[in-house]
Every structure is written in C-alpha cells, then in structure tokens.
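One structure is given below, encoded as structure tokens.
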Amino acid sequence: MPKSGTEACARWVRAVRRTLSLSLVLTLGPLSGRAQDLTTPTQNATAGAAVFGIKGCVKCHAVSGLGESLGPDLRLAARARTFQDLSATLWNHFPQMVERMDELGIERPGLNPREAGDLVAYLYTLDYFGLPGDAENGRDIFSEKKCVMCHQVGGIGGVVGPDLDYIGGRGVPIEMATAMWNHGPAMSEAARARGIDRPSFTGAELNDLVAYFESASSATPDEDVHVLPGRAGEGKRVLTEKGCLNCHGVAGAGGRLAPDLADRERSGSLTDFVAAMWNKAPAMLAAIEKRGGYFPELRPEEVADLVGYLYSVRYFSGSGSPGEGQTLIRQKGCTGCHSFEGRGGDAAPDLSEATGLALPASVMAALWNHAVVALPTPEQPAAAWPSFTGTEMTDLMSYFQAISR
C-alpha cells in the first residue's frame, strides 16, 4: 500500500473517531441490544463512515476536503438518491475505481451485506449537515434580516428575544431548529408589533448564521455536545401524534390539504429542513387555527426523529419488476459470462440460481464483490461493462430478491 494512502486512511479513521459524536445515526433497519451477526444488513450512516475509511475509499475520494482528491469530492458531488440509485452509481464506476486501485497498489476490498448497507447509508446522508457556514456572511445576514433588533450575539443586539450565544457555544443545529419552531408564532408577533418584516431563510443562510454565532460567542458548553440521532420509527410516531398527518401526507399516506412531505427531488440538509419549517410556519399556523387545532411544540429529539423519518421514507425505491430485471440480465450482456436458466456463458455461476439476496444490501454486497473479482487486470482485459440506471437497478434487485425468497 502506498505510504500516502496509508496516511490518508489513518487521518480519516482518526477524524471519524473524533466526529462520531457529531454524526447522524440514521438507522433504517431494526437494531437490538442483543449480539448480532456481523453480516446482518443495517443502514447505519455512522458505521458507514468508518467503512468508508477502513475500506480505503478515502484514499481516492475526499468528503468536504477531508481525504485524497484523486476522485471527486463525494460531499460536493453527492445527491440524495435512493439506495438503488446509489448502488447503480457505484456499479457503473467500478471499472474506473478498480483500475485506479490497481494503479496505486491498493488491495481491492470486499464488503459484506452489513458493510454495504452502512456504506450506502453514509453516502446517502452526506448532505445531512450541509456545508460549513461562512461566519462573515452570517454576520451580514444577522443584520440584514433584522435579527439583531431583537437578539444579542456576543453582546451586540436587542434584548427583546433571548441571547443567542448559547447556540454559538453549543453549535447544535437541532437545538436552533427546535427553538425556531417552538417560538415561531411569538417571534412573528413580536416582529409584526415592531413593523419588522418576518424574514425567510435558506438552509445555507442558517448554516452561515450558526457559523457567525460560533465565531462571535464566548460561551462554551458545560458538557460534550452530541447531535441527537434521527430515529426513523420514532419520527413517524411524532408526525402522527403531533397531528402533522391531518394535513400533510407522507409518500401518499395521510392528509391531502398540504404538500406531501416525502415529495421532494432530494433530501436537504438539516438546516434546509429547519428553513422550510420556519418559512412555512405562518401558513401552517393559520391552517391549524382554521381547523380549531393547536400549534404543536417539539422537543429537540422529536425534531431529530422527524427529520430522520423524512430522510428514510424515500430511501429505498418502490417495488421494482422482477420480470424487467430478468429481461435486463439478457439485454445488458450478462449472459456473455454467466449462464442464465441453463443457457449463456459458462465462465460464471448461473444467475437464476442466486441465493442469499433477499435484501437490497445483500444484492449490493454481491454486486460489489463480483466486481472486485470479475473486473480485469492488465493481463486480462474485460468485456464491456454494463451500466444501469437507478430504475434498472431496482428491477434487477427485485429479480434477485424474488428468487432468493
């Protein structure tokens, strides 16, 4: 292994260990306190960050500038897609990745289903915290949006609202999200009484504000700060108990008076969600009052769970077509090497007899490990490598899942 690659991996593992307490744990699969088979698929983004480092991905790919830059920075290039979309992207890039690994003398790593599920969950949630904010821009926003007329930061500003140094000292966006939501009606009323237009925010602007609070505040936390994990199952319960589903639907289930919360082109960062909640709060409050309801206050852990649930609801694609997946095996040229239902090539196992692929992460691990073994070496060039769209990968996975069941 090249020295530079070893050092990059070591730096990454140290950084992961330092920041695990600040990482999202988006657990989409059930976990228990009992001992588990280490190959049991899970979708744990924090564990996936460790897989990313330990398996050597960081030797070529940076994330927000951390790591090597031989390949694209995955944080900058990332888009929140489905599990199947990300699996297709990984598959399509296997030839280039393997070629680069061979050039650098990096051993081709295998993945078990648990590692595959965790790695994809990590890549899926790269947008969760958003890019680091710009403190100088945040200071301008604090003034231009007239936040300074009611709030103080670093001893500067009004005293109508609470001092915001605690946000800078703790640096926890989830607490800001909770405060903005719970105090939104009162803040709107205070702004109206003073002739201040209620400001709207983007997620990037909120990141800049947090960066400004951190730079201007002298407050320090009394204890270690941990970002609360987003528990998808609990988030669904919060949406139901707080009455959100009386108006909003989620993936078609629930009310139809307001937009479907899962109907988004991409999952945004935590601050994108916070900005959307703040910007839409007046309209939501008016709708709630019209229906004779009450404005639901939230605890920080409930906000984290709610965001975790909305992140997870579109994580897996809908059910694909096993029949289309079967057709793809022939159309994509897989039978050049593999036999299929007794016909085709004899250089690889019969794909119609695949087993142990009942879950998407199991299929992903099998595809990855197949590429590790099957892709060429300089001495043995390969045939054309088929590419897949996310929809095609969904169908292919559905076929393997169907025959495994």
How big is the gap, in Å, between the Cα center of segment 100-153 and the Cα center of segment 327-341? 39 Å
Put +1 on the Cβ of each Lys and Arg and -1 on the Cβ of each Asp and Glu in segment 297-405; which of Gly333, Ser319, Met397 then has its Cα farthest toward the positive end of the dipole? Gly333
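Going by average Cβ neighbours within 10 Å, how do the peptides 189-198, 113-122 rank, with the highest at the top?
Going by the mean number of other Cβ atoms within 10 Å, highest first, we get 113-122, 189-198.
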Note down the nm distance, to one decimal, between modelled labels 7 Å out along Cα→Cβ at His370 and at Ala358. 2.0 nm
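Go ahead and run the numbers for FRET between Asn279 and Thr240, Cβ-Cβ distance against an R0 of 30 Å, rounding to 0.05.
Values: r = 24 Å, r/R0 = 0.79.
That gives a FRET efficiency of 0.80.
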Determine, for each peptide in 337-343, 289-295, 359-365, the mean count of other beta carbons within 10 angstrom over its residues, then list the peptides with the highest first. 359-365, 337-343, 289-295
So what is the accessible area of segment 248-302 per residue, in Å², with the probe set to 1.4 Å? 57 Å²
Could you sort the peptides 273-281, 149-157, 248-256 by per-residue average Cβ neighbour count (10 Å cutoff), highest mean leading? 273-281, 149-157, 248-256
Please find the FRET efficiency linking Val159 to Glu107, where r is the Cβ-Cβ separation and R0 is fixed at 45 Å, and quote it to the nearest 0.05. 0.15
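The values are calculated or read from the model by the stated rules, or taken from the named source; none is laboratory data. The structure displayed is predicted, hence computed values, not measured ones. With ideal geometry, Cβ positions are generated from the backbone for all residues, glycine too; neighbour counts draw on all protein chains shown. Surface accessibility is based on the protein's heavy atoms, side chains included, excluding ligands, DNA and RNA. Shrake-Rupley method; radii C 1.70, N 1.55, O 1.52, S 1.80 Å.
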